[in-house]
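Working notes, structure below.
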2 protein chains.
Amino acid sequence: MKQTDSTPTSRHYHHGDLYQSLLLMATEMISEGGTESLSMRKLADRVGVSRTAPYHHFKDKNVLLCAIAEQGFERVEKLLLEARTEEEPESLRRVFTQYVHTYIELAHRHREQYDLMFGREIWRNGTPTESLQNRSRQHFKSWLNWIEDLSNQNIILSGDSTLRTAQVCWATLHGLCRLLNDGIYTEQSHLKEMVDTAVSMMLKHS
Amino acid sequence: MKQTDSTPTSRHYHHGDLYQSLLLMATEMISEGGTESLSMRKLADRVGVSRTAPYHHFKDKNVLLCAIAEQGFERVEKLLLEARTEEEPESLRRVFTQYVHTYIELAHRHREQYDLMFGREIWRNGTPTESLQNRSRQHFKSWLNWIEDLSNQNIILSGDSTLRTAQVCWATLHGLCRLLNDGIYTEQSHLKEMVDTAVSMMLKHS
DNA sequence: AGCGATATTTTGACACTGTCAAGATTGATT
DNA sequence: AATCAATCTTGACAGTGTCAAAATATCGCT
């Protein structure tokens with residue numbers, strides 16, 4: 001039997017696929033101690049390679065972080081698409097409310113990753129990967145698309161521009177996530193009530 | 001004439017009031033290059049003292065940052081109080097709208113400081129000073145107070161709980177600041193329209 | 001099977017960071 | 001003038017990201 005890389009059990013040569021291992025371990029470390037607790041050296045150590053080994057799979061620490069953020073975007077994108085597929089005309093409000101709820105919960109469960117997705121670490125300090133930028137834009141497009149739908153169905157309170165509405169609604173969502181994640185002015189226990197309040201602000205009062 | 005510290009021209013001994021100089025220079029450095037660009041060593045260097053001199057005035061880098069953040073809170077607190085004093089019963093909507101606008105502008109003009117006020121640097125990595133915590137809480141109380149007022153005057157769309165309304169409105173404000181500051185999904189040129197959209201979501205449609 | 005090319009990893013090094021401990025300097029107070 | 005406390009400096013340590021050069025392992029080809 002030829003011993004290709006595809007056999008996962010094969011403990012072959014240098015390490016196997018360091019790339020995936022690094023990504024996984026880094027995600028774990030971040031989720032536990034935040035982005036700041038992740039150092040390239042500790043990561044390498046924990047995976048069992050030398051300090052500079054990771055640099056052959058990720059050009060930068062920045063690129064590594066971008067990769068992790070990207071996975072976050074994939075997750076929320078999937079969430080949104082799932083929410084939109086189960087539309088039953090009359091319960092659109094419920095679907096939307098449910099989505100907001102789940103979204104914020106998700107952002108909280110993976111708070112550190114969420115911070116990475118929208119935080120300054122990447123978007124101001126670092127330089128977002130082309131790939132990350134695309135995925136981020138794509139996600140907002142999906143969101144905008146939904147808002148347009150809700151607007152057409154006369155469910156959401158849209159002003160002059162649907163784009164502006166989408167931006168503001170998104171800001172509300174995002175603001176809630178941040179406040180809850182950082183524990184500023186709110187606690188997790190307020191989640192449900194706050195979501196209800198937020199949604200009733202965004203949607204038309206039936 | 002006795003040579004007290006108050007003469008600013010006097011190039012007297014140890015430095016004069018390092019505390020203030022450090023605070024000022026640190027604020028400047030942050031506003032230019034972000035929190036990350038501020039290192040205690042560079043700061044000391046730029047002020048003209050040795051590396052560890054600042055540590056006799058600020059226990060930590062963290063404490064320094066807290067002091068800067070605190071000044072930010074003082075500023076927004078003042079802004080809010082000013083806005084509330086000029087209430088003419090019928091133009092409350094205008095006052096509120098104006099405030100939101102000014103607030104976001106302010107947050108943008110001092111974006112790095114704003115990030116410090118609400119960012120993870122202090123609130124998750126570091127440990128907020130007692131003093132900072134108080135001022136932060138105080139500011140939210142002022143905000144809540146205003147929302148309660150608007151709610152009583154039947155201007156704002158309040159649900160079951162005014163507290164929740166205040167939290168959500170604040171989240172919207174905060175979310176907008178962050179998106180604009182970080183340039184995510186929006187640009188500064190959208191400001192006015194977005195504020196209008198946001199306010200019309202928060203207030204009752206007259 | 002063997003050999004060279006290529007992919008992968010390591011060691012050494014550098015400049016930078018925050019901050020502690022110990023010593024030196026200065027101003028005020030008695 | 002002498003003492004004391006405030007203030008500042010020097011030296012040191014562990015930790016960081018990342019580059020350059022060397023070492024090693026695997027693959028493709030003859």
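Of A:Lys61/B:Lys42; A:Lys59/B:Lys59; A:Lys192/B:Lys192; B:Lys78/B:Lys192; A:Lys141/A:Lys204; B:Lys42/B:Lys141, which pairs sit farther than 27 Å apart, going by alpha carbon to alpha carbon?
The answer is A:Lys59/B:Lys59; A:Lys192/B:Lys192; B:Lys42/B:Lys141.
For a quick check of your reading of the filter: which trypsin sites (Lys or Arg not before Pro) in the stretch A:155-206 sit in a DSSP loop and have no more than 16 other Cβ atoms within 10 Å? Walk me through the intermediate numbers first.
Numbers: sites: A:Arg164, A:Arg178, A:Lys192, A:Lys204; in loops: A:Lys204.
Loop-located and lightly packed - A:Lys204.
In degrees, nearest 10, range 0 to 90: what is the angle between the Cα axis of helix B:92-109 and the longest Cα principal axis of chain B?
In chain B, helix B:92-109 runs at an angle near 30 degrees to the longest axis.
Only helical DSSP H runs with n ≥ 4 go in: add -39500 (n - 2.57) per run for chain B, normalise by residue count and round the 222 nm mean residue ellipticity to 500 deg cm²/dmol.
Values: 8 runs with 131 residues, N = 206.
Taken over chain B, the calculation gives -21000 deg cm²/dmol.
Could you tell me whether chain A comes out rounded, prolate or oblate from its Cα gyration tensor? Rule is a ≥ b ≥ c as square roots of the eigenvalues, rounded for a/c under 1.5, then prolate if a/b exceeds b/c, otherwise oblate.
Here chain A falls in the prolate category.
What number, in percent, do you get for the relative contact order of the stretch A:14-58 if the mean sequence gap of Cα pairs under 8 Å and at least 6 apart is divided by its residue count?
On the way: 32 pairs, mean separation 16.4, N = 45.
Averaging sequence separation for qualifying contacts and normalising by length gives 36 percent for the stretch A:14-58.
Normalised by the empirical 2.2 N^0.38 Å for globular proteins, what value does the Cα Rg of the stretch B:14-58 take?
Cα-based Rg divided by the globular estimate yields 1.04.
Go ahead and set up a Gaussian network model of chain A, Cα springs under 10 Å, then flag whichever of A:Thr129, A:Thr52, A:Thr165 fluctuates most.
Looking only at A:Thr129, A:Thr52, A:Thr165, the biggest GNM fluctuation is shown by A:Thr52.
Nearest the rotation axis from A to B, which residue of chain A has its beta carbon, and at what whole-angstrom distance?
Chain A residue with minimal Cβ-axis distance: A:Gly175, 1.
Among the GluC sites (Glu not before Pro) in the stretch A:66-136, which ones are in a DSSP loop with at most 16 other Cβ atoms within 10 Å of the Cβ? Mind listing them?
Working: sites: A:Glu70, A:Glu74, A:Glu77, A:Glu82, A:Glu86, A:Glu87, A:Glu90, A:Glu105, A:Glu112, A:Glu121, A:Glu130; in loops: A:Glu86, A:Glu87.
Listed in order of number, the matching sites are A:Glu86, A:Glu87.
Give me the extension gain from A:Arg46 to A:Asp17: residue separation times 0.36 nm, minus the current Cα-Cα distance, reported in nm with one decimal.
Contour length minus Cα-Cα distance gives 9.0 nm.
Let me make sure I get this right: for the protein assembly as shown, a, b and c are the square roots of the gyration tensor eigenvalues over alpha carbons, sorted descending. Under 1.5 in a/c it's rounded, otherwise prolate if a/b > b/c, else oblate. Which is it?
oblate
Hey, what did chain B get for relative contact order, percent, Cα under 8 Å, at least 6 apart?
20 percent
Here, each number is a calculation from the coordinates, and none is a lab measurement. Worth saying up front: this structure is predicted, and the values here are computed from it rather than measured. Neighbour counts run over all protein chains shown; Cβ positions are idealised from the backbone, glycine included.
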